[in-house]
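Below: the structure, in structure tokens.
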Amino acid sequence: MDPASLDDPPEPQREDRTQHPRTKIVEAELQSERTATPLRVKTADLSLDGFYVEMMFTLEVGTKLKIVLWKK
């Protein structure tokens, strides 16, 4: 055990509030109403309640999307 870690207070544990199992990474294709070219992205934490999309940029709030998901 690292002696320096003995001085550090333990990190507080976060309550797990998930209601459905999650899949870590799923590939997706997003088609915005504003662009002709679909975006290939990866998702994280996919569940029945929703998912997080990993993107290099943000979309305007309220942008409508068509989403296709697939898992290899």
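Residue-by-condition table, conditions (1) over 21 Å from His20 (Cα atoms); (2) touching an Asp or Glu at 6+ places or on another chain (Cβ under 7 Å); (3) hydroxyl-bearing (Ser, Thr, Tyr):
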{"site": "Thr35", "(1), (2), (3)": "yes, no, yes"}
{"site": "Arg40", "(1), (2), (3)": "yes, yes, no"}
{"site": "Ser47", "(1), (2), (3)": "no, no, yes"}
{"site": "Gly50", "(1), (2), (3)": "no, no, no"}
{"site": "Met55", "(1), (2), (3)": "yes, no, no"}
{"site": "Thr58", "(1), (2), (3)": "yes, no, yes"}
{"site": "Val61", "(1), (2), (3)": "yes, no, no"}
{"site": "Leu65", "(1), (2), (3)": "yes, no, no"}
{"site": "Val68", "(1), (2), (3)": "no, yes, no"}
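Counting just the residues of segment 61-70 that are loosely packed, with under 10 Cβ neighbours inside 10 Å and touching a residue at least 12 places away in the same chain (Cβ under 8 Å), which one comes out nearest to the chain's Cα centre (by Cα)?
Looking only at segment 61-70, we keep the residues that are loosely packed, with under 10 Cβ neighbours inside 10 Å, and these are 61-62, 64, 70.
In the following step, the residues that additionally are touching a residue at least 12 places away in the same chain (Cβ under 8 Å) were identified as 64, 70.
Values: Lys64: 18, Trp70: 15 Å.
Among residues in segment 61-70 that are loosely packed, with under 10 Cβ neighbours inside 10 Å and touching a residue at least 12 places away in the same chain (Cβ under 8 Å), the one nearest to the chain's Cα centre (by Cα) is Trp70.
Looking at Glu27, Glu15, which one is in contact with a Leu (Cβ under 8 Å, 6 or more places away or on another chain) and either on the phi < 0 side of the Ramachandran plot or at pLDDT below 85 (or both)?
Values: Glu15 fails: in contact with a Leu (Cβ under 8 Å, 6 or more places away or on another chain).
Among Glu27, Glu15, only Glu27 is in contact with a Leu (Cβ under 8 Å, 6 or more places away or on another chain) and either on the phi < 0 side of the Ramachandran plot or at pLDDT below 85 (or both).
Could you list, ordered by first residue, the pairs with Cβ atoms under 9 Å in which the first is in segment 35-60 and on the phi < 0 side of the Ramachandran plot and assigned to a loop (DSSP other than H, G, I, E, B) and the second is loosely packed, with under 11 Cβ neighbours inside 10 Å and of a type in the set (D, E, K, R), at least 6 apart or interchain?
Taking only residues 6 or more apart or on different chains, the pairs are Pro38/Lys66; Leu59/Arg34; Glu60/Arg34.
Can you pull out the residues in segment 14-29 that are outside any strand (DSSP E or B) and surrounded by 11 or more Cβ atoms within 10 Å (Cβ to Cβ)? Outline the logic, then answer.
Of the residues in segment 14-29, the ones outside any strand (DSSP E or B) are 14-22.
Of everything in segment 14-29, just one residue is outside any strand (DSSP E or B) and surrounded by 11 or more Cβ atoms within 10 Å (Cβ to Cβ), namely Arg22.
Check whether at least one residue in segment 30-53 is surrounded by 10 or more Cβ atoms within 10 Å (Cβ to Cβ), over 13 Å from the mean Cα position of the chain (by Cα) and of a type in the set (Gly, Ala, Ser), and report yes or no.
yes
The values are calculated or read from the model by the stated rules, or taken from the named source; none is laboratory data. Being a predicted model, the structure only gives us computed values, none of them experimental. When we count neighbours, we look across all protein chains shown, and the Cβ atoms used for this are built from the backbone with ideal geometry, even at glycine.
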